[in-house]
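Bear in mind that the values in this text are calculations on the coordinates, not laboratory data. Quick caveat, the model's predicted, so the values are computed rather than measured. A quick note on method: Cβ atoms are made from the backbone with ideal geometry, for glycine too, and the neighbour counts reach across all protein chains shown.
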Amino acid sequence: MNKYLLIFFYAFTFFTANAQLNYSLEDIIIKARGQSPRAKQAETRRENRFWQYKYYRSNYNPQLRLQGNTPGYNRDYNQNRLDDGSIIFQEQEQTFTYANLSLQQPIALSGGQISVNSDVYRWKNIPADLRSWNSTVVNIRLDQPLFGFNILKWDRMTEPLRYEESKRAYVEEMEFISSLAVDLFFDYLDAQIGFDIANFNLSRNDTIYNIEQGRYNIGTTSRDKLLQVELQLLRSKQQLTQAKLDLQTSELEMKTFIGINDDIVFDLIIPDQLTTLDVNIEEALAHASANRSDFISFERRRLEANKQVAQAKSDRYQLNMTASYGLTGTGIDLGTSYEQPNSQQRLNVQFNIPIIDWGRNKTRMKTALANKKLEDYIIAQDEQTFLREIISLVSQFEVLKSQIEISQKSDLVAQERYNVSQNQYLIGKIDITNLNIALTEKDEAKRSYLAALRSYWKAYFELRRLTLYDFANKELLYTLE
């Protein structure tokens, strides 16, 4: 009993491993979106952009920081001027320790920063065994640029747009992957059909050669026609060899793109069941304007151009104010330095104003304004190009559906004509030339039908990518979170 079970197991394993699978266009697209290297790259980029956005958000949150240095040591010879004016060099050996605890809060409205600090400093002179502590119980400090460039203000306008843009770009990338999968699907399907055609033609030409050879032997055909059929047979063998190479190449390209194991053998199903679409230009444009990352990009680029102008304007001069209030004390030990702290107030205004810069600031400002004008022109052109692309694509759909219907009918007619021509050839009513014409037309009709299907499905997924809307199911491909 165990022997039969073992035989059954090996037989089942063999046939399962070598089983031929049938994949539809939807199957290939699902695999491409789920496991292809390009899809994983898109997922990683989306994750990276998410953490960049989280980092931007942290710029507006309070930060608690501890800084300082571990016990430091310094041994040096310093000069000392005596009462008579002479200078001597005396050895100085010291240790010192410093620690600061600070709670910092950026001020998004003004671009400044307010902080609450507490620190302690210990110093010791080793030869004299002198030591001293200095402590700041609390210190409140304001650092504020006056009329300066506020990066926090501009980031608050641009970074949420950049993040939203990246999320929509991810969906668009997945639709682009679907479009690439369509191309690879039809590349392989063309090669698969081409191989079947070449295999059929070889078998058919071999049969015709045997028929012509028999007719030549009984004197009912000429040597010229026999040689013509033999030449056609040799070409069929050459075409089959090329078809095998094309099939292997396209199969490898598809498997590499979607990440399918090389041992899997599969056939593709012709996607002749078309998705019913009701698309009008106004609706497509409305969805594109509301959903596409490009339109968010246009707004972000305008803001960034204005940001560069604002920065150039604020860089003409610098004016910064620092104000603080605190309680500080000293003592020979840590405890006494906190007993009777003294108040500490500071106010400082720094400025840096160029008097003569030979047109440097003016040049910087004019450059920023020129860049803004250029960016406005580029954005306007990009908007028009994008809208024309959608209008053109929507307009193609009715034509593409009509081409599919015509090419499908042509494929059936060409196949039927070839069958009739073949029967007429066998009974001697037409010659080999007319039969070859019918064969060529049959093959061309099949390839024309596949080309029409490719164009339709490419346009379908391209429309999804450009609008982020599924017109077949009447639903958005991306929704605001």
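Round to the nearest 10 and give me the degree value, 0 to 90, for the angle of helix 223-258's Cα axis relative to the longest principal axis of the chain. It is inclined by approximately 20 degrees. Placing unit charges on each Cβ (+1 for Lys and Arg, -1 for Asp and Glu) gives the chain a dipole about its Cα centre, and among 264, 140, 23 the Cα reaching farthest toward its positive end belongs to 140. The Cα-based radius of gyration of the stretch 329-481, divided by its Kirkwood radius, gives an Rg/Rh of 1.57. The Cα-based radius of gyration of the stretch 81-172, divided by its Kirkwood radius, gives an Rg/Rh of 1.35.
Dipole orientation for the chain: of the candidates 274, 127, 88, 88 has the Cα lying most toward the positive pole (charges on Cβ; Lys, Arg +1; Asp, Glu -1). Normalised Debye scattering of the stretch 147-189 at q = 0.18, 0.22, 0.29 Å⁻¹ gives log10 I(q)/I(0) of -0.64, -0.75, -0.91, counting only Cα atoms as equal scatterers and leaving out solvent.
Kirkwood hydrodynamic radius of the chain from all distinct Cα pairs, in Å? Kirkwood radius, the chain: 31.6 Å. Which value in Å is the Kirkwood Rh of the stretch 377-452 over different Cα pairs? Hydrodynamic radius (Kirkwood, Cα only) of the stretch 377-452 equals 15.2 Å.
Per-residue ellipticity at 222 nm from helix content only, as computed over the chain with -39500 (n - 2.57) for each DSSP H run of at least four residues, stands at -22000 deg cm²/dmol. For the stretch 168-240, the relative contact order comes to 34 percent (Cα pairs under 8 Å, sequence separation of at least 6).
Computed extension gain for residue 132 through residue 75, at 0.36 nm per residue and net of the alpha carbon distance, reaches 18.8 nm. The listed peptides 314-323, 186-195, ordered by packing as a protection proxy, come out as 186-195, 314-323 (highest mean of other Cβ atoms within 10 Å first). Taking the C-alpha atoms only, the angle from helix 25-35 to the longest principal axis of the chain is near 30 degrees.
For the chain, DSSP calls about 95 percent of its internal beta bridges antiparallel. For the peptides 108-114, 49-55, 63-69, the ranking by mean Cβ contacts within 10 Å, running from highest to lowest, is 108-114, 49-55, 63-69. For the stretch 348-481, a crude dipole built from +1 on the beta carbon of Lys and Arg and -1 on the beta carbon of Asp and Glu, taken about the Cα centre, is about 480 debye to the nearest 20. Taking residue 474 as the anchor, which lysines have their alpha carbon closer than 27 Å to its alpha carbon, excluding any fewer than eight residues away along the same chain? Once the sequence-local lysines are set aside, what remains near residue 474 is 31, 167, 401, 458. Sorted on the mean count of surrounding Cβ atoms within 10 Å across their residues, most packed first, peptides 338-349, 115-126 read 115-126, 338-349. Measuring nothing but how far apart in sequence close Cα pairs (under 8 Å, 6+ apart) lie, relative to its length, the chain scores a relative contact order of 19 percent. If R0 equals 41 Å, the separation of the Cβ atoms of residue 417 and residue 265 corresponds to a calculated FRET efficiency of about 0.75. About the centre of its Cα atoms, the stretch 282-413 shows a dipole size close to 820 debye [charges on the beta carbon of Lys, Arg (+1) and Asp, Glu (-1) only; nearest 20 debye]. Computed from Cα positions, the angle between helix 360-426 and the longest principal axis of the chain comes to roughly 20 degrees. The order of 413, 279, going from fewest to most other C-beta atoms within 10 Å of their C-beta, is 413, 279. Between residue 344 and residue 124, the C-beta separation translates, for a Förster distance of 22 Å, into a calculated FRET efficiency of about 0.40. Considering the options 358, 392, 381, tell which one lies farthest towards the positive end of the dipole of the stretch 355-427, charges being +1 on Lys and Arg and -1 on Asp and Glu at the Cβ, about the Cα centre. It is 358.
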